1. Which one of the conditions (1) open to solvent by less than 50 Å² (accessible area, probe 1.4 Å); (2) more than 20 Å from G58 (Cβ to Cβ); (3) in contact with a strand residue (DSSP E or B) (Cβ under 6 Å, 6 or more places away or on another chain) does P115 fail to meet, given that it meets all the rest?
2. Within the range 55-74, work out how many residues are within 17 Å of S20 (Cα to Cα) and either of a type in the set (D, E) or at pLDDT below 95 (or both).
3. Give the residues of the range 112-130 that are within 17 Å of R40 (Cβ to Cβ) and outside any helix (DSSP H, G or I), sorted by residue number.
4. Assess whether A71 counts as being within 20 Å of V106 (Cβ to Cβ) and in contact with a helix residue (DSSP H, G or I) (Cβ under 7 Å, 6 or more places away or on another chain).
5. Scan the range 43-53 for residues that are in contact with a Ser or Thr (Cβ under 9 Å, 6 or more places away or on another chain) and hydrophobic (A, V, I, L, M, F, W, C) and report the count.
6. For the range 61-99, give me the residue count where each residue is in contact with an Asp or Glu (Cβ under 8 Å, 6 or more places away or on another chain), under 24 Å from M43 (Cα atoms) and part of a helix (DSSP H, G or I).
7. Consider F66 against the criteria (1) of a type outside the set (G, A, S); (2) open to solvent by 10 Å² or more (accessible area, probe 1.4 Å); (3) in contact with a strand residue (DSSP E or B) (Cβ under 7 Å, 6 or more places away or on another chain); (4) farther than 22 Å from L122 by Cβ: it satisfies all of them except one. Which criterion is unmet?
Amino acid sequence: MQNQILSQTSTAAETTPIISLVIPVFNEMEVLPLLFERVRKVMHDLKLDYEMVMVDDGSKDSSADFLIRQAQQDACVRAVILSRNFGKEAALSAGLEQAQGEVIIVLDADLQNPPELIPDMLEKWRAGAD
């Protein structure tokens, strides 16, 4: 996947994140502001170090530009921009390769998996679930 990454923007924090949220994106500009708002609220309430590894899979809308701006403004956001559309599985794989957290949570950018479920997922992980 490394050769398929057009550009990567990262202003990674100095500490290793506990949680990596890997989120593939394809033409999701309409929902991205809401996704970021909801994820940030959940993660703020959890008070844990985290990163959002956002992988744009060749979007034709302004999703990639939005992700790059977010990464430039927020050290918790990493934007991986693929050179073209490779499909969700390839985008997910690229995100997993970049994730640095102790725990990796995969979410869909369209909010099909509500970020508000992250605390429940972490609770199950702490109880021994993979």
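The values are calculated or read from the model by the stated rules, or taken from the named source; none is laboratory data. None of the values given here were measured: they were computed from a predicted structure. Here the Cβ positions follow ideal geometry from the backbone for every residue, glycine too, while neighbour counts run over all protein chains shown. Protein only, heavy atoms only, side chains kept; ligands, DNA and RNA dropped before computing areas. Shrake-Rupley method; radii C 1.70, N 1.55, O 1.52, S 1.80 Å.
1. (3)
2. Qualifying residue count for the region: 2.
3. Passing the criteria: N113, P114.
4. Numbers: within 20 Å of V106 (Cβ to Cβ): yes; in contact with a helix residue (DSSP H, G or I) (Cβ under 7 Å, 6 or more places away or on another chain): no.
When the stated conditions are applied, A71 does not pass them.
5. So the count comes out to 2.
6. 4
7. So F66 meets the others, but not (3).
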